[in-house]
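What follows is one structure encoded as structure tokens, with my remarks underneath.
The values are calculated or read from the model by the stated rules, or taken from the named source; none is laboratory data. Keep in mind that this is a model prediction, so the values were computed, not measured. Methodologically, a virtual Cβ is constructed for each residue, glycine included, from the backbone with ideal geometry; neighbour enumeration extends over all protein chains shown.
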Amino acid sequence: MEPVHTVGITYPAGGILRSFVLEILLTYILMFVVTAVSNNPSVGDFSGVVVACTVAANSLFGGPISGASMNPARTIGPAIASNSYTGIWIYILGPALGALGGAWSFKLLNPRAQKNQKTMPSSI
């Protein structure tokens, strides 16, 4: 049984480099799906289901290896509470790189998304 003070912490169980690459990949997939769903009005009410299924699939695939954090706050909070910072840089840098890559690649692959965005009035 796990000690109470370590409940919820995320740590790299599959090695440092493997966990880092996996965090980048999982966050990339999640960000790509979120941007794709938010730019596609035909998905409608199912957008939450699509994102939730993506998070579930990412967690099933990456959970045993890296913890599948996909969110720095998901790791930083428990790390501070338990005073355990093992590999925390993985869970800060990996999701940041993955999110940037996912959003950038969606924008690159879908030029229509640029036209669908509402622009702010120039007087503001």
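Look through segment 35-51, keep the residues that are surrounded by 11 or more Cβ atoms within 10 Å (Cβ to Cβ) and of a type in the set (Gly, Ala, Ser), and return whichever of them is modelled with the highest pLDDT. Can you show your working first?
Quick first cut of segment 35-51, residues surrounded by 11 or more Cβ atoms within 10 Å (Cβ to Cβ) only: 35-40, 43, 46-47, 49-51.
Add one more test, that the residue is of a type in the set (Gly, Ala, Ser), and what stays is 36, 38, 47.
Details: 36: 91, 38: 88, 47: 87.
Going through the qualifying residues, I end up with 36.
Does segment 64-83 hold any residues that are assigned to a helix (DSSP H, G or I), surrounded by 15 or more Cβ atoms within 10 Å (Cβ to Cβ), out of contact with any Leu (no Cβ under 8 Å at 6 or more places or on another chain) and among the small types (Gly, Ala, Ser), and which are they?
79, 82
Go through segment 7-33 and report how many residues are within 30 Å of residue 108 (Cα to Cα) and either modelled with pLDDT of 95 or more or within 17 Å of the chain's Cα centre (by Cα) (or both).
Qualifying residue count for the region: 16.
Residue 108 - would you say it is of a type in the set (A, V, I, L, M, F, W, C), part of a helix (DSSP H, G or I), more than 17 Å from residue 15 (Cβ to Cβ) and under 10 Å from the mean Cα position of the chain (by Cα)?
The answer is no for residue 108.
Quick check: anything in segment 77-90 closer than 22 Å to residue 112 by Cβ, out of contact with any His (no Cβ under 9 Å at 6 or more places or on another chain) and either free of Cβ contacts under 8 Å to residues at least 24 places away in the same chain or among the small types (Gly, Ala, Ser) (or both)?
For segment 77-90, residues closer than 22 Å to residue 112 by Cβ, out of contact with any His (no Cβ under 9 Å at 6 or more places or on another chain) and either free of Cβ contacts under 8 Å to residues at least 24 places away in the same chain or among the small types (Gly, Ala, Ser) (or both): absent.
Within segment 84-104, take every residue that is small (Gly, Ala, Ser) and in a helix (DSSP H, G or I) and give me the one that is nearest to residue 17 (Cα to Cα).
Applying the filter and picking the extreme gives 94.
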